[in-house]
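Accompanying notes for the structure given below.
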Amino acid sequence: MAVPSTTSELELRQSEQDSSCPVKLLRNRKAAFSLALLIADVVLVSLIIAYVPYTKIDWDAYMSQVSGFLGGERDYSNLKGDTGPLVYPAGFLYVYSAIQFVTGGEVYPAQILFGILYIINLGIVFFVYVKTDVLPWWALSLLCLSKRVHSLFVLRLFNDCIATMLLHTSMAVLFSQRWHVGLIIFSAAVSIKMNVLLYAPPLLLLMLKALNIFEVVSALACAALVQILLGLPFLLSYPVAYISRAFNLGRIFIHFWSVNFKFVPEPVFVSKEFAVSLLVVHLVLLFTFAHCRWCKHEGGLLNFLHSKFLFLKLKLSLSSSLSQQNFHSVGSSSKVLCPEHIVTTMFAGNFIGIVCARSLHYQFYSWYFCSLPYLLWRTPFPTLLRIILFVGVELCWNIYPSNIYSSVMLLCLHLVILWGLWSAPPEYPYLKAKSSSGKKEE
């Protein structure tokens, strides 16, 4: 190979290589379109912050709770705001303490900060969509068309938005099979708002597929360590108050603010029986999807778990007779999951939780909006029906206050999407066995 004789020749080649990067980007229609959408949304977010009035809901309460924490209060029962007591884990306090420090507790600079967070989240979501290659390029624009989601980020400054951004980050990290890092980021998201736990069952299943049991345990230990370290000041001082308030799974939300199940009479809505019934439906749906869809290529959930148990038993039985090196080679059962399987399983698992949630407040739309286009294109429905379902869901979330008709409509739309996900053929989960020649249409 010829060696360049001059420095200018080296610089010329380097310049040609650098200039080829934008060309490669432009040749990828989805990546180029995503970049254009991102730039357009920067302009849109700027206009919203400049011209649309801020809506006061939880910001003052957040700042009051943070001020109590910064003032030395460690008893969670004494951390309160004008909307009630603090009900989020400790990560919320650290994040909003940093936000208060950066913004001085003022709304306008906080809106700018949340606008930046919105764009970062959108960029991460675009990465997930381009990487999985499920949608046609033009359908990526749906991710930028939600009036409600723009409002939640830059006009209401909810902690749901930060938790969702971290969740999407953890999902993107899992594409590179960095499960421990992904679990740490996932746990950080949980520490800001517990709704992220809706992703926990499908995430655990994916871990069991991708890792051996010892790696699963170590990854879960990393996630648990994050929670312990973040909550340590409160666990050492008032552990009962912290655990009972920050991780209260039995909260009853106000019927008036519910976007779904508004058609259910309030006495039934707040009853324990209704909550238990929804929980049972939730668990049954998770098991059914896991057994018949997510583990179909492994022979079903029960067969998959049985094979993992037998492998662990074999490994333990051989541990005493093999050398340390051979022992580790026998125990290496890690497999590489394809991005499509990771995203489909996690988005669908979260969506099942959304369908079965007793109450969905307006800010909860951020929990699953970014997954809607993906889930719709995983169904066998025609494109027109997918768009109708998307618009219908967005319409329901923009009716204020919600009413019987909008909540019935939202439930029906959710059930149709869920049926579509059930009807769709499951993708092959493992990357190494996927055909490299099969490419999806743009």
Can you say whether R251 is touching a residue at least 40 places away in the same chain (Cβ under 8 Å), closer than 18 Å to L197 by Cβ, open to solvent by 70 Å² or more (accessible area, probe 1.4 Å) and touching a strand residue (DSSP E or B) at 6+ places or on another chain (Cβ under 7 Å), as far as the supplied structure shows?
no
Listed by first then second residue, the pairs whose first member lies in the stretch 43-65 and is assigned to a helix (DSSP H, G or I), whose partner is of a type in the set (D, E, K, R), with beta carbons under 6 Å and at least 6 positions apart or on separate chains, are D60/D82; A61/D82
For the stretch 140-198 the number of residues that are closer than 22 Å to Q111 by Cβ and over 11 Å from the mean Cα position of the chain (by Cα) is 19
Does Y118 qualify as being at pLDDT 95 or above and open to solvent by 40 Å² or more (accessible area, probe 1.4 Å)? no
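Is it true that some residue in the stretch 220-232 is more than 23 Å from the chain's Cα centre (by Cα) and either modelled with pLDDT under 95 or not in a helix (DSSP H, G or I) (or both)?
Kept after step one, since they are more than 23 Å from the chain's Cα centre (by Cα), are these residues of the stretch 220-232: 232.
Cutting the leftovers down to either modelled with pLDDT under 95 or not in a helix (DSSP H, G or I) (or both) gives us none.
No: the stretch 220-232 contains no residue that is more than 23 Å from the chain's Cα centre (by Cα) and either modelled with pLDDT under 95 or not in a helix (DSSP H, G or I) (or both).
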Any residue at all in the stretch 284-303 that is farther than 23 Å from P429 by Cα, in contact with a helix residue (DSSP H, G or I) (Cβ under 9 Å, 6 or more places away or on another chain) and not basic (K, R)? no
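Within the stretch 78-87, is even one residue under 13 Å from N159 (Cα atoms), in contact (Cβ under 8 Å) with a residue 40 or more places away in the chain and in contact with a Phe, Trp or Tyr (Cβ under 7 Å, 6 or more places away or on another chain)?
Filtering the stretch 78-87 down to residues under 13 Å from N159 (Cα atoms) leaves 86-87.
Those still in the list that are in contact (Cβ under 8 Å) with a residue 40 or more places away in the chain too: 86-87.
Going one step further and asking which of them are in contact with a Phe, Trp or Tyr (Cβ under 7 Å, 6 or more places away or on another chain), we end up with 86.
Checked the stretch 78-87: at least one residue is under 13 Å from N159 (Cα atoms), in contact (Cβ under 8 Å) with a residue 40 or more places away in the chain and in contact with a Phe, Trp or Tyr (Cβ under 7 Å, 6 or more places away or on another chain).
Can you name every one of the helices (runs of 4 or more DSSP H) wholly within the stretch 360-437 that holds 2 or more residues which are farther than 14 Å from T344 by Cα?
Numbers: elements: 372-378, 383-397, 404-423.
The helices (runs of 4 or more DSSP H) meeting that bar are 383-397, 404-423.
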Apart from one, (1) in contact with a Leu (Cβ under 7 Å, 6 or more places away or on another chain); (2) open to solvent by 20 Å² or more (accessible area, probe 1.4 Å); (3) under 25 Å from G71 (Cα atoms) all hold for P109; the odd one out is (1)
Only one of (1) modelled with pLDDT under 95; (2) not in a loop (DSSP other than H, G, I, E, B) does not apply to L285, and that is (1)
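The values are calculated or read from the model by the stated rules, or taken from the named source; none is laboratory data. All figures in this text were calculated on a predicted structure; none of them were measured in a lab. When we count neighbours, we look across all protein chains shown, and the Cβ atoms used for this are built from the backbone with ideal geometry, even at glycine. Only protein heavy atoms, including side chains, enter the accessible area calculation; ligands, DNA and RNA are left aside. Shrake-Rupley method; radii C 1.70, N 1.55, O 1.52, S 1.80 Å.
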